[in-house]
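Engineer: Starting off with a structure, shown below.
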Amino acid sequence: MSGQSYQIVSRGGLAWLESRRLHKFPWLIHAFSTRRGGVSSAPCAGLNLGLTNSDRRERVEENRHRFFRQLGAGKFVVAPLHQVHSSHSFVVSRDPANHLVYHLPGAEAYLPAPQDPPAGDGLMTCEPGILLTIRTADCLPLLLVDARRRVVAAVHAGWRGALARIIEKAVGDMRRAFGCDPEKLIAAVGPSIRACCYEVGQEVVESFHGTFANVDRFFQPLRTKPEAARDRHSILFLSAYPPGHAPEHLPAARLDLAAAARHQLTAAGLKPANILIAGYCTACRNDLFFSHRREGPATGRQAAVIGIRE
Ligand SMILES: [Zn+2]
């Protein structure tokens with residue numbers, strides 16, 4: 001767990017985070033975007049890559065165009081997803097007419113309408129030229145790579161997704177759909193809100209206790225009052241919660257999403273050395289990332305993207 005396994009790349013007025021280890025695969029494109037560059041203005045100032053009520057569609061499309069072009073993915077087909085804090089991942093491919101096709105592992109294939117992406121929180125593919133994208137503003141983005149079989153995946157995990165074991169399930173889906181060996185997978189865990197800033201209510205703590213064994217490692221105690229008082233954002237933290245994250249009661253603990261991700265990846269069979277956690281908290285590093293908890297619902301979205309070159 002070190003910032004050294006990641007580097008910030010600046011190009012064409014934009015900046016993004018990449019894993020040094022994944023960067024070594026010449027056939028692979030991957031990135032975690034930052035808010036630097038882009039044409040959006042406040043409250044989503046910078047490279048907002050998510051369609052929100054607080055930004056104009058043409059700005060978001062211009063931002064996406066710039067970002068994908070700088071990554072060398074300008075000609076890729078972007079696979080959209082309607083993220084709903086679920087545990088579902090889709091296998092994405094293209095039919096003979098070059099339209100994207102989504103499969104739920106074990107279900108019949110279907111073709112989503114262009115403006116109607118399917119509801120789920122993970123995407124995976126073995127086909128070149130498809131760009132998998134996940135958008136976040138505090139939730140945890142995860143990229144998975146099987147370098148031997150050339151299979152890639154992108155997963156969106158907030159506390160609800162983590163509770164539903166989406167990460168563990170996504171690894172199982174890669175094994176089922178593509179025969180991936182979990183021991184060979186590399187996981188890049190991108191920037192998310194971290195325990196330093198992620199106060200959650202008692203019902204969240206209890207939900208994890210009801211689902212996982214030994215969950216104490218996922219939680220840290222609330223900071224004592226003098227520490228909280230030193231934090232000039234603590235009032236905002238108590239009043240602004242992302243959708244689907246609102247605690248019904250006062251904060252009871254601080255959730256460590258990265259620890260929950262590490263636990264699920266290990267439980268799914270990944271080797272600890274292949275779990276690469278980016279050392280960035282989106283709420284602490286508001287200069288680099290959008291943070292729902294810190295800025296409220298009108299903020300922008302960063303993206304985690306991955307694809308196989310043609
Ligand atoms: Zn933080």
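Engineer: List pairs: first residue in the range 189-216 and without any contact (Cβ under 8 Å) to a residue 24 or more places away in the chain, second residue open to solvent by 10 Å² or more (accessible area, probe 1.4 Å) and basic (Lys, Arg) anywhere in the structure, Cβ distance under 6 angstrom, at least six positions apart or on different chains.
Structural biologist: none
Engineer: What about Asn274, is it on the phi < 0 side of the Ramachandran plot, out of contact with any Pro (no Cβ under 8 Å at 6 or more places or on another chain) and open to solvent by 30 Å² or more (accessible area, probe 1.4 Å)?
Structural biologist: Numbers: on the phi < 0 side of the Ramachandran plot: yes; out of contact with any Pro (no Cβ under 8 Å at 6 or more places or on another chain): yes; open to solvent by 30 Å² or more (accessible area, probe 1.4 Å): no.
When the stated conditions are applied, Asn274 does not pass them.
Engineer: Identify the single condition in (1) within 16 Å of the ligand (Cβ to nearest atom); (2) charged (D, E, K, R); (3) farther than 22 Å from Ala267 by Cβ that Arg135 does not satisfy, given that it satisfies every other one.
Structural biologist: (1)
Engineer: Inspect the range 126-138 for any residue being among the polar types (S, T, N, Q) and surrounded by fewer than 24 Cβ atoms within 10 Å (Cβ to Cβ) and give the result as yes or no. Break it down stepwise before answering.
Structural biologist: Taking the range 126-138 first, the residues among the polar types (S, T, N, Q) are 133, 136.
Narrowing the set further to residues that are surrounded by fewer than 24 Cβ atoms within 10 Å (Cβ to Cβ) leaves none.
No: zero hits.
Engineer: Something else about it: Pick from the range 285-298 the residues that are more than 15 Å from the ligand (Cβ to nearest atom) and among the small types (Gly, Ala, Ser): which of them is most open to solvent (accessible area, probe 1.4 Å)? Show your work before the answer.
Structural biologist: Kept after step one, since they are more than 15 Å from the ligand (Cβ to nearest atom), are these residues of the range 285-298: 296-298.
Next cut, among the small types (Gly, Ala, Ser) only: 296, 298.
Values: Gly296: 6, Ala298: 38 Å².
Looking at residues that are more than 15 Å from the ligand (Cβ to nearest atom) and among the small types (Gly, Ala, Ser), I get Ala298.
Engineer: Please find, within the range 293-310, the residue that is modelled with the lowest pLDDT out of those that are out of contact with any strand residue (DSSP E or B) (no Cβ under 9 Å at 6 or more places or on another chain) and of a type outside the set (Asp, Glu). Explain how you work it out, then say what you get.
Structural biologist: Initially, the range 293-310 is screened for residues out of contact with any strand residue (DSSP E or B) (no Cβ under 9 Å at 6 or more places or on another chain), giving 294-299, 310.
Subset that is of a type outside the set (Asp, Glu): 294, 296-299.
Values: Arg294: 95, Gly296: 93, Pro297: 90, Ala298: 93, Thr299: 95.
Looking at the filtered set, the residue picked out is Pro297.
Engineer: May I pose another question? Say whether the condition of being touching a helix residue (DSSP H, G or I) at 6+ places or on another chain (Cβ under 9 Å) and under 28 Å from Cys284 (Cβ atoms) is met by at least one residue in the range 99-121.
Structural biologist: Scanning the range 99-121 turns up at least one residue that is touching a helix residue (DSSP H, G or I) at 6+ places or on another chain (Cβ under 9 Å) and under 28 Å from Cys284 (Cβ atoms).
Engineer: What tally of residues in the range 179-218 results from selecting those that are among the hydrophobic types (A, V, I, L, M, F, W, C) and touching an Asp or Glu at 6+ places or on another chain (Cβ under 7 Å)?
Structural biologist: In the first step, residues of the range 179-218 are kept if they are among the hydrophobic types (A, V, I, L, M, F, W, C); the result is 180, 185-189, 193, 195-197, 200, 204-205, 208, 212-213, 215, 218.
With the extra rule that they be touching an Asp or Glu at 6+ places or on another chain (Cβ under 7 Å), the set shrinks to 180, 185, 193, 195, 218.
Here the count works out to 5.
Engineer: In the list Thr224, Thr266, Thr282, which residue meets the criterion of being among the polar types (S, T, N, Q), at pLDDT 95 or above, open to solvent by 60 Å² or more (accessible area, probe 1.4 Å) and on the phi < 0 side of the Ramachandran plot? Please lay out each step first, then the result.
Structural biologist: Working: Thr224 fails: at pLDDT 95 or above; Thr282 fails: open to solvent by 60 Å² or more (accessible area, probe 1.4 Å).
Testing whether each residue is among the polar types (S, T, N, Q), at pLDDT 95 or above, open to solvent by 60 Å² or more (accessible area, probe 1.4 Å) and on the phi < 0 side of the Ramachandran plot leaves just Thr266.
The values are calculated or read from the model by the stated rules, or taken from the named source; none is laboratory data. The model shown is predicted, which means the values in this text are computed figures rather than measured ones. All Cβ positions, glycine included, derive from the backbone under ideal geometry; neighbour counts span all protein chains shown. For the accessible areas, the whole protein counts, side chains as well, though only heavy atoms, and no ligand, DNA or RNA atoms are used. Shrake-Rupley method; radii C 1.70, N 1.55, O 1.52, S 1.80 Å.
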